[in-house]
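Presented below is the structure to which this report refers.
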Amino acid sequence: SGCFDKSTYYAIDSDIEAIASGITNEDDLVHFYGGILRLVAHDFMDYDRHNDIPMGTDGCIEWDHEVNLGLWGSIWCDDCDLTKLYNDKYSHISKADFWIAASNAVVRNLSVDKSLDMVDTFLWGRKDADSCAGQGDRVPTGSGCREIEDVFLDAMGLQWRDAVALLGAHTIGKAHVDFSGHDGYWMPSTAEALVFDKQYYEELVMRPWRAHNIDTKYEDFIASTDITHKEPQIMLKTDVCLWFDTDNYYPCCTRTNRWLDGQNMCDWEQKLSDSECTRYDADNSRMAAVETVVEFLGGPKPSENNDPFYKAFATAWFKATTNGHDNLKTLSSKCW
Ligand code: HEM
């Protein structure tokens, strides 16, 4: 219903920035930005093209489901800034559309030189669903690449390239013990978690990642030591599997030849220097993920080239947020 024009789109962008500029604590700021992106990801990751009830971006989340914890209460709730903004100014558009526009604002504002503006590929007209029983069960928990194949490739109908691009959003944000049971930033510092760029792929490839929370339901990877990091730095198995075969070989450490203060960096909580993570064979279909990571690094040498990642992210984001919809509209030039 109604009308959604470019000025409304950019008004949402400015309003998100205005809220962000009022958040003085950096950790809270990361969670504000990251939480908005995660909210949309959880709305689109429930899409299943093979199911009679496909779901997808419909503004419906099972807030109490374990996989969604943390979204209700600090990102979306009666007293949450984002919700208040919606109720005050934008409730004439659907929540699903609003969340995506808000996420686009996050991406634009945190991208290098604010260069990743997805306005031209933004479509609107989604309808909110009142209920979505079973939504949470469709969202991946982080166990490994089997989940990426089931959710992104099979249910959502995306390519490996799309999945790898979307996961680059983990550059922004943090995992919280109280929400997911995982703890830490994907980036080495809070400041880096506030820049939407290709650093996720650099961290994945360059850093020694040690298996962590082994034999618990929170199995993941942790980087380095408390000597080099104030906050824990983590990757999930669904992140590390874009480069290493963690589904078939775990626990392991990704780079067993790194030393710090005379100690092997794989041997902090337990000895893993003798368990190097394995790579995929050349004929493994997951090599498509590996090749995409190489591409997003932006060249053979360290570079500032975010273009391959940005372009692929915009494409994948478009597919993920429009999946299952066939009557969405482009932004009007002006609503009267
Ligand atoms: C295999 C798919 C995915 C898995 C298993 C996964 C898992 C997780 C987990 C466990 C957390 C930590 C939540 C917490 O404790 O607060 C998280 C956070 C986050 N995720 Fe994902 N995620 C996936 C895909 C995505 C996608 C596609 C996006 C966006 C395009 C995304 C964006 C984020 C962001 C920005 C955060 C940080 C939230 C914050 O700072 O509060 N994730 N994810």
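The table that follows gives values for the structure above.
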read-out	value
Test for Lys301: is it closer than 24 Å to Leu37 by Cα, charged (D, E, K, R) and either without any contact (Cβ under 8 Å) to a residue 12 or more places away in the chain or not in a loop (DSSP other than H, G, I, E, B) (or both)	no
Flag if Thr83 is of a type outside the set (Phe, Trp, Tyr), surrounded by 18 or more Cβ atoms within 10 Å (Cβ to Cβ), over 24 Å from Gly168 (Cα atoms) and in contact with a Cys (Cβ under 8 Å, 6 or more places away or on another chain)	no
Among the candidates Ile12, Ile100, Ile16, residue that is within 12 Å of the ligand (Cβ to nearest atom) and assigned to a helix (DSSP H, G or I)	Ile100
Subset of segment 154-166 (residues that are more than 6 Å from the ligand (Cβ to nearest atom) and open to solvent by less than 40 Å² (accessible area, probe 1.4 Å))	Ala155, Met156, Gly157, Leu158, Trp160, Asp162, Ala163, Val164, Ala165
Test: residue in segment 126-135 that is crowded, with 19+ Cβ neighbours inside 10 Å, under 20 Å from Ala316 (Cβ atoms) and either within 11 Å of the ligand (Cβ to nearest atom) or in contact (Cβ under 8 Å) with a residue 12 or more places away in the chain (or both)	yes
One residue from Asp58, Asp52, Asp79, Asp46 being within 13 Å of the ligand (Cβ to nearest atom), part of a loop (DSSP other than H, G, I, E, B) and farther than 20 Å from Val107 by Cβ	Asp46
1 or more residues surrounded by fewer than 19 Cβ atoms within 10 Å (Cβ to Cβ) and touching a residue at least 60 places away in the same chain (Cβ under 8 Å): qualifying strands (runs of 3 or more DSSP E) within segment 186-280	none
When residues of segment 306-329 are limited to those that are in contact (Cβ under 8 Å) with a residue 24 or more places away in the chain and surrounded by fewer than 14 Cβ atoms within 10 Å (Cβ to Cβ), the one nearest to Val112 (Cα to Cα)	Lys329
Yes/no for Asp27 being at pLDDT below 95 and either polar (S, T, N, Q) or not in a loop (DSSP other than H, G, I, E, B) (or both)	yes
Residue list for segment 171-184, filter: open to solvent by less than 50 Å² (accessible area, probe 1.4 Å) and not hydrophobic (A, V, I, L, M, F, W, C)	Thr171, Gly173, His176, Ser180, Gly181, His182, Gly184
Output for segment 174-201, where each listed residue is under 27 Å from Pro300 (Cα atoms) and within 9 Å of the ligand (Cβ to nearest atom)	Tyr185, Trp186, Ala193
Any hit, segment 48-58, residues being of a type in the set (A, V, I, L, M) and over 18 Å from the mean Cα position of the chain (by Cα)	yes
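The values are calculated or read from the model by the stated rules, or taken from the named source; none is laboratory data. Because the structure is predicted, anything quoted here is derived from the model rather than measured. We place every Cβ from the backbone using ideal geometry, glycine too, and count neighbours over all the protein chains shown. Ligands, DNA and RNA are stripped out before the accessible areas are found, and what is left, the full protein with its side chains, is counted by its heavy atoms. Shrake-Rupley method; radii C 1.70, N 1.55, O 1.52, S 1.80 Å.
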